[in-house]
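Working notes, beginning with the structure itself.
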Amino acid sequence: MFKKGYIMNNKISSACPQEADSLDLAAAVEHFVAQGGVIDIVSQAAHQAATLSTASTTPAPEIAAVEKPDKLDTLKALVAKGAGINALQYSLRMNKRDIKQLAAEHGVKIAFSRPVNETGRAHRSETSDIDDTVAGHAMHYSSLGYSAHEIANILGLSVRQVWNIGKAYRFEFKINEGDPSP
């Protein structure tokens, strides 16, 4: 498995590129010039002038005016789908203040999401409607061998309510193959 004299930490990889020799670079430059290539030295002033001439000739406000209708259309489409402010920030690449300003200028109403705590209250209220005696009956029927579906039919509850009783009272109900899953 291990060869004699082989040290794991000192393994030399053949995939490592070797450093270019300065003589190779000089030879490449000479070869380029010999074939008619010209190497020109550019002054600092010429470089700055070339950089300024290639810069965008359209001022920033005009660019914003061109992009604004596109962003407004995207904003309206996303708000119609129910996107929140965070999704709009990601899609439009704008900050919250700019998105709210754009929406206010054009009468677009952004739907803000509800806190997570409010949605949990609806699920908890289902079990609070059920009396302790009903839960006791459900546990009694379960101990007699009835499944959650059968208990729901006997007590006039939904299967979801029976499963919520099990969660609230830390009790497991029997599952038959034909019963819907919790």
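Answer yes or no as to whether Asn117 is in a helix (DSSP H, G or I), out of contact with any Cys (no Cβ under 9 Å at 6 or more places or on another chain), at pLDDT below 90 and of a type in the set (S, T, N, Q). It is true that Asn117 is in a helix (DSSP H, G or I), out of contact with any Cys (no Cβ under 9 Å at 6 or more places or on another chain), at pLDDT below 90 and of a type in the set (S, T, N, Q).
For the range 66-81: of the residues being touching a residue at least 24 places away in the same chain (Cβ under 8 Å) and either under 12 Å from Met94 (Cβ atoms) or polar (S, T, N, Q) (or both), which is surrounded by the fewest Cβ atoms within 10 Å (Cβ to Cβ)? Residue satisfying both the conditions and the ranking: Lys68. Among the conditions (1) at pLDDT 80 or above; (2) within 30 Å of Leu155 (Cβ to Cβ), the only one that Ala83 does not satisfy is (2).
The values are calculated or read from the model by the stated rules, or taken from the named source; none is laboratory data. Everything numeric in this text was worked out from a predicted model, so none of it was measured. All Cβ positions, even for glycine, are placed from backbone atoms using ideal geometry, and neighbour counts span all protein chains on display.
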